[in-house]
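Input: a single structure, listed below in structure tokens.
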Amino acid sequence: MANRDTRTSLISLATIVVVSLVIAFILRNIAVGWAPSRDQYPVQGISVDESHGQIIWHVAGATGVDFAYIHATRGAEKRDANFAANIEGARDAGIRYGALHNYSLCRLATDQATLFVTTVPRGENMLPPAVRLAFDNDCSDRPSRALVLSELNTFLNQIESHSGKHAIIAASREFEELYNISSGIDRTFWLEANFFPPDYATKPWVMWRASDMRRISGLDGPINWNVVRP
């Protein structure tokens with residue numbers, strides 16, 4: 001009797017495990033293919049960096065990529081290895097593109113701006129430059145809000161003078177919750193939240209990174225999928 005009960009329990013456990021795996025597989029397939037409705041958000045695009053490998057841009061464009069933000073620089077030293085190739089590929093495929101900088105709290109704003117403006121060409125047809133504010137493992141500094149706002153304004157003024165366009169700020173939830181950048185900087189904001197529109201800034205978002213799981217043809221790995229508020 002005890003052996004029969006044990007077998008029954010094992011069968012039940014195995015069934016639960018199998019069902020859970022099937023559900024996880026189905027949910028993953030839904031997640032990697034999901035994007036917000038085009039009826040609600042007609043303009044949608046991607047942000048990419050060297051981790052996505054050699055991108056076949058005309059193939060990516062055929063999947064519905066209207067624009068691309070291409071990682072150009074990080075901090076004061078790092079240039080994205082594929083930036084120039086990605087700019088050329090997006091342009092040749094007829095995809096609108098802009099350059100993105102990953103801001104570091106551990107580097108001077110002027111040094112970061114110098115790296116950006118010496119990497120990113122001027123272009124009237126380019127989208128406004130974007131700066132991403134997020135914490136990373138390479139920098140543990142947490143300066144005061146006043147200092148962050150002052151340095152960030154210095155950085156923005158220099159890259160905007162170069163590009164001739166007001167920048168857009170891509171702020172992570174954690175960064176915004178600590179520094180409340182949206183109430184201290186008068187710019188448009190690009191916020192992040194998978195599947196559901198974000199609400200963590202004091203200003204309405206202009207762009208929304210709606211998924212960091214989507215996969216599309218033409219490039220390697222999951223992609224950041226972004227939409228523009230109509």
Provide the FRET efficiency to the nearest 0.05 for the Gln40-Leu178 pair, computing r from the beta carbons and using R0 = 35 Å. 0.70
Rounded, prolate or oblate: which fits region 145-212, taking a ≥ b ≥ c as square roots of the Cα gyration tensor eigenvalues, rounded meaning a/c under 1.5, else prolate when a/b beats b/c? oblate
Rolling a 1.4 angstrom probe over the protein heavy atoms, how many square angstrom per residue are accessible across the chain? 52 Å²
Rounded to the nearest 10 degrees, the helix 145-163 long axis (Cα) sits at an angle to the longest Cα principal axis of the chain of 70 degrees
Not counting ligands, DNA or RNA, and with a 1.4 Å probe, what is Glu88's accessible surface area in Å² rounded to the nearest 10? 100 Å²
For the chain, what % of the accessible area comes from carbon and sulfur atoms, probe 1.4 Å? 55 percent
Three-way shape call for region 35-133 based on the alpha-carbon gyration tensor, with the a/c threshold at 1.5: prolate
Set the Förster distance to 35 Å, then compute FRET efficiency between Thr110 and Lys203 from the Cβ-Cβ distance, nearest 0.05. 0.85
In Å², nearest 10: area of Ser140 left accessible to a 1.4 Å probe: 100 Å²
On a 0 to 90 degree scale, rounded to 10, what angle separates helix 2-33 from the longest Cα axis of the chain? 30 degrees
Taking the Cα atoms of region 109-172 alone, what are Rg (to one decimal) and Dmax (as a whole number) in Å? 12.4, 37
Would you list the P(r) distribution for the chain, with all Cα-Cα distances sorted into 5 Å bins from 0 and each bin expressed as a whole %? 1, 6, 13, 16, 17, 15, 10, 6, 4, 3, 3, 2, 2, 1, 1, 0, 0
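The values are calculated or read from the model by the stated rules, or taken from the named source; none is laboratory data. The structure displayed is predicted, hence computed values, not measured ones. Note: ideal-geometry Cβ built from the backbone for every residue, glycine included; neighbour counts use all protein chains shown. The accessibility values were calculated without ligands, DNA or RNA, using every heavy atom of the protein model including side chains. Shrake-Rupley method; radii C 1.70, N 1.55, O 1.52, S 1.80 Å.
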